[in-house]
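Asker: After the structure tokens below, expect a handful of questions from me.
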Amino acid sequence: MSREDPIKAEKDFSETLEEQIPLIEKTSDYKQAIEKYLVLEKQIRQSSDLASSKKILSKIVDTLVHNDDWDYLDELITPLSKKHGQLKSSIQSMIQEIIKSLETLDNDKPVQLEKKMKIIETIRTVTDKKIFVEVERAVVSKMLAEIYLEKKNDLDKAADILCDLQVETYSLMPFEEKIEYILEQIRLTLQKKDFAQAKILSRKILLKTLKNFERADIFKATYLKYLLEINKHENDYIMVVNNSLLLIEIPLVKESSEYKDLLVSIIYYIILSPFDNLQSDLIHKIKLNTAFSKNVDSKVFKLLEIFTTNELIHSENIEMEYRENYLNKSPVFADNETNNTNLQNRIIEHNLRVINMYYSFIKLDRLAHLLQVSSQDAEAHVSGMVNKGMITAKINRPQGIIKFDNLKHGTSAGAAQITSNSENINDLLNNWISDVDKLLEEVDSIGHLINKEEMMYGIKQNS
């Protein structure tokens, strides 16, 4: 059973080792030499001499590695780690020495690879649930995961081994190594297409902590790219835009060949994002950002103007001008039916908001004509936007008329109009205040009615 390191050794074996090791090294049979080392190891362990204990254990490992007897080494790891009175630092030092020696085994040679995997599994068993060797367990687990991934082509096994460890709780592991380890866990889960697990793992890293160390920008860029994969899978367009805007601010990304493609994708994703105050704010900020106007094709940049102007967008014109030369050449739209469908939805939603600004009443067939859809689809879009709180409208089906209620609840004409018109803001606040007053009056009235009922019930009981 292992124990904590002593303050002072009961006996110093340093001179004994200096005298005995050269003599033992002259032994012709290395196994006999190991036996003699083990005798010394027991004496040193019983005397709690930490420095000598580390030295003799290192000598045992070196001798077996030098003689290529990995099987014997594998047999000794467990008993040496579990010897009564074995010091924790000695165990840690021995395992570290073995890990260094594993680099001498060639992964391309099947026999050596099997030996390496066997040693790693033994180390993982010995270090399981032991805090003082948790870092070493993480190191060998990563090595084993790489073997399963690269040599065994077993992605599932590699991901299971790596993701089994909660390295964020390891107090002995340096911060940079933790980040690197978690990023590797995310990479494997994404490669495995397990986006739910990848999202859980991504929450273990905080962007604000990725600074003030050498590889901070590299880690930050890698982390944001992984987040983008998750966001794109979930079709969370607004988060794709937010994370992409953070990504393009990293110096090494600005200097890369993917910089301009990122800017173009941000424009595409912001117009794909469902309309709300945040989307409206972001699209206007992007429109004013000189990085986009300078580095993006003017035709693509014009999309921002199209989607922020209070004019109807003709989907046929968009298809004719952008589909072949722009949209089909972008990974955002190429072979992505969901994004292409959502683009058409965003155009219809934009047109509905514009119509809502200029019409109080409109016939359903006229609305369908303006939206370039069928009457049934037009009604469905109106209902959908009303349910989302994007517009306020009522549909009179018998007469086929839609009544819009402009700005009564604040979101009908869009965030851009609200934020730019102080009169509308005052009207909105007045409406809210009026609604709150009415609510309080109703609550007060209900309170009086409840008290009245209680009094009447009390009178009946007394009579």
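Asker: Being in contact (Cβ under 8 Å) with a residue 40 or more places away in the chain and either assigned to a helix (DSSP H, G or I) or among the polar types (S, T, N, Q) (or both) is true for just one of L40, L57, L23. Which residue is that?
Answerer: L57 is the lone residue from the list that is in contact (Cβ under 8 Å) with a residue 40 or more places away in the chain and either assigned to a helix (DSSP H, G or I) or among the polar types (S, T, N, Q) (or both).
Asker: Right, next: Quickly run through segment 60-88 and pick out the residues that are surrounded by fewer than 19 Cβ atoms within 10 Å (Cβ to Cβ) and outside any helix (DSSP H, G or I).
Answerer: N67, D68, D69, K83, H84, G85
Asker: Do you know which residues across segment 142-160 are buried (at least 19 other Cβ atoms within 10 Å of the Cβ) and farther than 16 Å from N107 by Cβ?
Answerer: Residue satisfying the conditions is A159 alone.
Asker: Specify the residue that is nearest to the chain's Cα centre (by Cα); the eligible residues are those in segment 248-260 that are under 24 Å from L343 (Cα atoms) and part of a helix (DSSP H, G or I).
Answerer: Y259
Asker: Would you confirm, using the coordinates I've provided, whether S256 is of a type in the set (S, T, N, Q) and touching a residue at least 24 places away in the same chain (Cβ under 8 Å)?
Answerer: When the stated conditions are applied, S256 does not pass them.
Asker: Based on this model, can you work out whether I391 counts as open to solvent by less than 30 Å² (accessible area, probe 1.4 Å) and assigned to a strand (DSSP E or B)?
Answerer: no
Asker: Check off (1) surrounded by fewer than 19 Cβ atoms within 10 Å (Cβ to Cβ); (2) of a type in the set (A, V, I, L, M, F, W, C); (3) more than 27 Å from I182 (Cα to Cα) for I250 and give me the number that stays unchecked.
Answerer: (3)
Asker: Hey, L144 hits all of (1) closer than 22 Å to I34 by Cα; (2) in contact with a Lys or Arg (Cβ under 8 Å, 6 or more places away or on another chain); (3) at pLDDT 95 or above but one; which does it fall short on?
Answerer: It is condition (1) that L144 fails.
Asker: On to the next question. Answer yes or no: is there a residue in segment 122-136 that is open to solvent by 80 Å² or more (accessible area, probe 1.4 Å), of a type outside the set (S, T, Y) and out of contact with any helix residue (DSSP H, G or I) (no Cβ under 6 Å at 6 or more places or on another chain).
Answerer: Looking for residues that are open to solvent by 80 Å² or more (accessible area, probe 1.4 Å), of a type outside the set (S, T, Y) and out of contact with any helix residue (DSSP H, G or I) (no Cβ under 6 Å at 6 or more places or on another chain), one finds at least one in segment 122-136, hence yes.
Asker: So which residues in segment 103-116 are more than 19 Å from A158 (Cβ to Cβ), open to solvent by 100 Å² or more (accessible area, probe 1.4 Å) and part of a loop (DSSP other than H, G, I, E, B), if there are any at all?
Answerer: Answer for segment 103-116, where residues must be more than 19 Å from A158 (Cβ to Cβ), open to solvent by 100 Å² or more (accessible area, probe 1.4 Å) and part of a loop (DSSP other than H, G, I, E, B): just K109.
Asker: In segment 172-186, what residues are charged (D, E, K, R) and within 18 Å of Q92 (Cβ to Cβ)?
Answerer: Correct list: E177 only.
Asker: Hey, another quick one. Of the residues that make up segment 388-401, is at least one among the polar types (S, T, N, Q), in contact with a helix residue (DSSP H, G or I) (Cβ under 8 Å, 6 or more places away or on another chain) and modelled with pLDDT under 90?
Answerer: yes
Asker: Select from segment 276-305 the residues that are of a type outside the set (S, T, Y) and without any contact (Cβ under 8 Å) to a residue 12 or more places away in the chain and write down the one among them that is nearest to M239 (Cα to Cα).
Answerer: Per the stated criteria, the residue is K285.
Asker: Residue pairs, Cβ under 9 Å, 6 or more apart or interchain, first in segment 132-147 and in contact (Cβ under 8 Å) with a residue 24 or more places away in the chain, second aromatic (F, W, Y) and open to solvent by 20 Å² or more (accessible area, probe 1.4 Å). List them.
Answerer: Taking only residues 6 or more apart or on different chains, the pairs are E134/Y170; V135/Y170; A138/Y170.
Asker: Go through the residues of segment 364-383 one by one and say whether even a single one is closer than 30 Å to E229 by Cα, touching a residue at least 60 places away in the same chain (Cβ under 8 Å), part of a helix (DSSP H, G or I) and out of contact with any His (no Cβ under 7 Å at 6 or more places or on another chain).
Answerer: no
Asker: Being of a type outside the set (D, E, K, R), over 24 Å from E176 (Cβ atoms), assigned to a helix (DSSP H, G or I) and in contact (Cβ under 8 Å) with a residue 60 or more places away in the chain is true for just one of I119, I91. Which residue is that?
Answerer: I91
Asker: Are any residues in segment 185-201 surrounded by fewer than 20 Cβ atoms within 10 Å (Cβ to Cβ) and either among the polar types (S, T, N, Q) or assigned to a helix (DSSP H, G or I) (or both), and if so, which ones?
Answerer: Correct list: R187, Q191, F195, A196, Q197, K199, I200.
The values are calculated or read from the model by the stated rules, or taken from the named source; none is laboratory data. Keep in mind it's a predicted model, so treat the numbers as computed, not measured. Counting neighbours? That spans all protein chains shown, and the Cβs are built from the backbone with ideal geometry, glycine included. Protein only, heavy atoms only, side chains kept; ligands, DNA and RNA dropped before computing areas. Shrake-Rupley method; radii C 1.70, N 1.55, O 1.52, S 1.80 Å.
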